[in-house]
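First comes the structure, then the notes that go with it.
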Amino acid sequence: MVTTEFAGIPFVVARPDEAVRRTLELLDKPNGGNDIHLFNAYSVALAHSDMEFAACASESTINFPDGKPVAWFSRFLGGRLHQVRGPQYFEDVIEAGVIPGVRHFFLGSTPETLSALTRNIELRFPGVQIVGTHSPEFRTLTTAELARQDDDIRACRPDMVWVGLGTPKQDFEARRLAGEGFNAAAVGAAFDFSAGTKKLAPLWVRRAGLEWFHRLLSEPRRLWKRYLWGNAVFLRLVLRELVIR
């Protein structure tokens with residue numbers, strides 16, 4: 001896989017269809033233990049303020065740029081990154097995995113969202129194999145609880161564990177699951193969008209690179225600090241990269 005570094009994070013260079021193909025190739029290998037992350041501007045900013053998260057990003061199997069600003073500024077600085085939107089990537093891999101029989105496990109969110117997600121995915125992609133779901137407690141799990149969770153997932157024999165726990169928790173969990181021999185992908189709010197509990201931004205908003213602003217308007221009380229801080233740090237990192245190069 002061709003990779004390029006942006007703001008200190010290694011990203012895989014792939015168009016959306018190539019990202020799906022490479023994911024299926026990864027799942028087709030006999031050994032598990034891979035983690036896939038979709039990083040946006042906030043993720044990039046977080047990697048520069050949290051050493052543990054930076055290590056997670058640098059040690060992962062695959063990082064795709066989720067968010068137009070990351071892809072745009074990468075190309076502006078001479079890179080070749082293409083946006084791989086988490087919600088679309090999630091559904092594209094599921095659709096492409098129907099014929100080869102890819103087995104999926106959903107980890108995260110609430111029981112209600114997981115129920116709606118499973119129902120919608122099964123309706124939209126006939127033949128999809130969803131072998132299990134789990135909504136963990138909204139707190140740090142004990143070692144014993146994580147072991148039981150892993151045993152439950154392992155009993156379902158999934159090819160891919162999709163993790164929707166929010167950044168950065170989902171990324172740490174995907175990395176941990178990879179260490180336990182699973183293939184895991186951290187996909188953020190993809191569960192909510194596919195379940196229908198959150199609305200996608202209009203197409204023109206997504207094409208303009210303003211999807212983050214649409215989400216901010218949708219959940220201002222929860223997200224305003226994240227985007228205010230994250231965007232400021234991200235722009236500072238871009239300016240620093242511009243000076244260095």
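The values are calculated or read from the model by the stated rules, or taken from the named source; none is laboratory data. Since the model is a prediction, treat every value here as computed from it, not as a measurement. Cβ: placed from backbone, ideal geometry, glycine included. Neighbour counts: every protein chain shown. With ligands, DNA and RNA removed, areas are computed over all heavy atoms of the protein, side chains included. Shrake-Rupley method; radii C 1.70, N 1.55, O 1.52, S 1.80 Å.
Brief remarks follow.
- Straight-distance crosslink candidates among aspartates and glutamates, where the alpha carbon sits under 14 Å from K29 and sequence neighbours closer than 8 are dropped: D159
- Proximal aspartates and glutamates to K68, defined as alpha-carbon separation beneath 14 angstrom and excluding residues fewer than eight positions away on the same chain: E211
- Take the Cα of K198, go 7 Å toward its beta carbon, and the backbone nitrogen atoms of segment 163-182 under 16 Å from that spot belong to 163-171.
- Local electrostatic count, F125, Cβ distance below 11 Å [Lys/Arg +1, Asp/Glu -1]: -3
- Net lengthening on full extension, S58/A144 (0.36 nm per residue, minus Cα-Cα): 28.2 nm
- When the solvent-accessible area of segment 56-133 is split by element, carbon and sulfur atoms take up 52 percent of it, the probe being 1.4 Å.
- Volume of the Cα convex hull of segment 103-172, divided per residue and given in Å³: 87 Å³
- Net charge over other residues, Cβ less than 13 angstrom from the Cβ of A54 (K, R count +1; D, E count -1): -4
- Net charge contributed by nearby residues that have their C-beta within less than 13 Å of E180 (K/R +1, D/E -1): -1
- Listed by chain and number, the aspartates and glutamates whose C-alpha is less than 17 Å from the C-alpha of K169, apart from same-chain residues fewer than 8 away, are D35, D50, E52, E59, D66, E137, E145, D150, E180, D192.
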